[in-house]
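Visitor: Next up is a structure, given as structure tokens.
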Amino acid sequence: MSWLTAEQALTLLGTKTQTLYANVSRGRIRAKPDPADTRRSLYFTDDVKRLAARHAGRRKTETVAAEAIQWGDPVLPSALSTVSDGRLFYRGQDVAKLAEHATLEEIAVLLWDMKRPLRLEGQGGDKRLPALSAAFSALAGRATTDLPSLGRSLPALQNEAESVFGTVAVALAPGASTVPLHERLATAWNRPDASDLIRRCLVLFADHELNASTFTARITASAGATLSAAALSGLATLTGPLHGGAWQSVRTLVTRAAAIGAEEAVRGYLAEGRPVPAVGHPFYPDGDARAKALLACFILPPLFAEVRSVAEDLVGERVNVDFALTAMTSAYHLPEDAPLIIFALARTVGWLAHAMEQATSGHLIRPRARYVGPPVE
């Protein structure tokens with residue numbers, strides 16, 4: 001078998017790195033770790049040549065668009081974040097490095113391109129509701145009363161984004177406005193020892209290009225809806241089991257491993273033709289950069305360590321951020337819904353950044369559907 005480096009494969013394909021990764025994730029190109037450097041991958045020559053030949057001719061517009069919408073090429077311009085060479089960047093800054101010292105409030109200033117520190121409201125939310133329900137309720141209450149985002153200046157939108165984020169923060173991380181959000185969460189959960197890891201998580205999860213919830217938020221903002229409506233739509237999408245709810249699948253795998261053993265649990269998923277939820281990410285063929293940054297900061301509980309070892313060995317991919325967040329929650333005995341709370345609080349910063357970027361562009365996102373129904377009479 002003949003294998004190519006990423007540089008050689010990209011030369012033959014004439015595409016960007018992300019497109020190569022997407023083709024690997026869809027099974028079009030086989031890949032394996034480079035024996036000389038396991039941080040890099042090699043790509044099967046025949047697969048690359050076959051795909052390059054297929055793409056040599058001009059593809060139809062609808063085919064290009066359909067492939068772009070699913071882990072494909074970029075579909076709209078953004079100055080906020082990108083994944084490049086296996087690393088995540090916010091406005092050109094390596095997120096793994098930012099996570100070593102930054103707070104979520106500082107990341108909001110960076111992503112929102114603000115010229116002053118963030119000022120958030122504090123104290124407790126509606127204690128009659130669970131935290132996530134309180135956030136939904138508070139955003140829904142604002143969505144129809146705030147001003148539309150269309151036609152407003154960036155400074156005006158930044159002021160409103162600050163207010164909307166404060167609304168979410170009060171619901172998810174109650175506490176005094178003078179206390180950083182990661183400390184508010186750690187205090188609310190009575191786990192001060194987890195404060196710094198929570199801070200790192202919030203920074204690592206604030207944005208991630210055009211993920212499902214962020215794209216939803218941009219579509220909402222593109223119609224001129226309020227920033228609170230954009231955040232609300234993002235939050236609704238985040239709850240899906242293929243997005244912010246993916247930690248539940250990891251927890252199920254670990255629970256299964258506790259009952260029958262890690263190897264039997266992982267083999268069971270593979271035997272049933274199901275993806276193992278703890279490993280792999282299409283953008284990170286050499287390992288999720290966010291997971292690496294988080295896992296370097298705490299000791300895995302024994303069962304999680306065993307699942308990691310078995311899954312990485314049998315699947316051939318490294319554990320992802322959903323595994324890392326679920327493991328951290330277990331290691332520090334955080335509430336069961338802590339992964340989704342952390343994710344939602346952090347990603348609200350990204351949703352608002354994208355909503356403002358989209359609103360100020362003045363463009364409506366309105367793709368066409370490729371009709372595959374009964375013949376039109």
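Visitor: Determine, yes or no, whether Ser137 is within 14 Å of Leu172 (Cβ to Cβ), open to solvent by less than 80 Å² (accessible area, probe 1.4 Å) and among the hydroxyl-bearing types (Ser, Thr, Tyr).
Guide: In short, yes.
Visitor: Scan region 1-14 for residues that are surrounded by 15 or more Cβ atoms within 10 Å (Cβ to Cβ) and in contact with a His (Cβ under 8 Å, 6 or more places away or on another chain) and report the count.
Guide: Of the residues in that region, 1 qualify.
Visitor: Return a yes/no flag: does region 259-272 have any residue that is of a type in the set (Asp, Glu), in contact with a His (Cβ under 8 Å, 6 or more places away or on another chain) and open to solvent by 10 Å² or more (accessible area, probe 1.4 Å).
Guide: no
Visitor: Here is a further query. Those residues that are within 12 Å of Thr326 (Cβ to Cβ), touching a helix residue (DSSP H, G or I) at 6+ places or on another chain (Cβ under 7 Å) and assigned to a helix (DSSP H, G or I), I need them from region 240-256; list them, please.
Guide: The answer is Ala246, Trp247, Val250, Arg251, Leu253, Val254.
Visitor: Tell me, please, whether a residue that is farther than 22 Å from Ser361 by Cβ, more than 20 Å from the chain's Cα centre (by Cα) and of a type in the set (D, E, K, R) can be found in region 102-117.
Guide: Yes, region 102-117 has at least one match.
Visitor: Within region 300-330, take every residue that is of a type in the set (Gly, Ala, Ser) and more than 16 Å from Gln248 (Cα to Cα) and give me the one that is modelled with the lowest pLDDT.
Guide: Among those that are of a type in the set (Gly, Ala, Ser) and more than 16 Å from Gln248 (Cα to Cα), it is Gly316.
Visitor: Do we have any residue at all in region 194-204 that's assigned to a loop (DSSP other than H, G, I, E, B), modelled with pLDDT of 95 or more and surrounded by fewer than 22 Cβ atoms within 10 Å (Cβ to Cβ)?
Guide: No, that holds for no residue.
Visitor: Consider region 19-44. How many of its residues are polar (S, T, N, Q), open to solvent by 30 Å² or more (accessible area, probe 1.4 Å) and in contact with a Pro (Cβ under 9 Å, 6 or more places away or on another chain)?
Guide: Counting residues in region 19-44 that are polar (S, T, N, Q), open to solvent by 30 Å² or more (accessible area, probe 1.4 Å) and in contact with a Pro (Cβ under 9 Å, 6 or more places away or on another chain) gives 1.
Visitor: How many residues are in contact with a helix residue (DSSP H, G or I) (Cβ under 9 Å, 6 or more places away or on another chain) and at pLDDT 85 or above if we restrict to region 1-11?
Guide: Adding up the residues that qualify gives 6.
Visitor: Counting only residues that are surrounded by fewer than 23 Cβ atoms within 10 Å (Cβ to Cβ) and within 23 Å of the chain's Cα centre (by Cα), how many does region 175-193 have?
Guide: Qualifying residue count for the region: 2.
Visitor: Can you tell me which residue within region 224-240, out of those that are over 10 Å from Ala212 (Cα atoms) and hydrophobic (A, V, I, L, M, F, W, C), is surrounded by the fewest Cβ atoms within 10 Å (Cβ to Cβ)?
Guide: It comes out as Ala236.
Visitor: Follow-up. Look at Ala96 and say whether it is of a type in the set (A, V, I, L, M, F, W, C), modelled with pLDDT of 95 or more and assigned to a loop (DSSP other than H, G, I, E, B).
Guide: no
Visitor: Taking region 289-317 as the search range and keeping residues that are in contact with a Gly (Cβ under 8 Å, 6 or more places away or on another chain) and free of Cβ contacts under 8 Å to residues at least 60 places away in the same chain, which one is farthest from Ser81 (Cα to Cα)?
Guide: Val315
Visitor: Restricting attention to region 140-164, which residues are of a type in the set (A, V, I, L, M, F, W, C), part of a helix (DSSP H, G or I) and open to solvent by 40 Å² or more (accessible area, probe 1.4 Å)?
Guide: Passing the criteria: Ala140, Leu154.
Visitor: Quick one: would you say Ala278 is farther than 25 Å from Ala22 by Cβ, buried (at least 23 other Cβ atoms within 10 Å of the Cβ) and in contact (Cβ under 8 Å) with a residue 40 or more places away in the chain?
Guide: Judged against the criteria, Ala278 is not a match.
The values are calculated or read from the model by the stated rules, or taken from the named source; none is laboratory data. Not measured: the values here are computed from a predicted model. Note that each Cβ is placed from the backbone with ideal geometry, even for glycine, and that neighbours are counted across all protein chains shown. When the accessible area is computed, the model is the full protein with side chains, heavy atoms only, and any ligands, DNA or RNA have been set aside. Shrake-Rupley method; radii C 1.70, N 1.55, O 1.52, S 1.80 Å.
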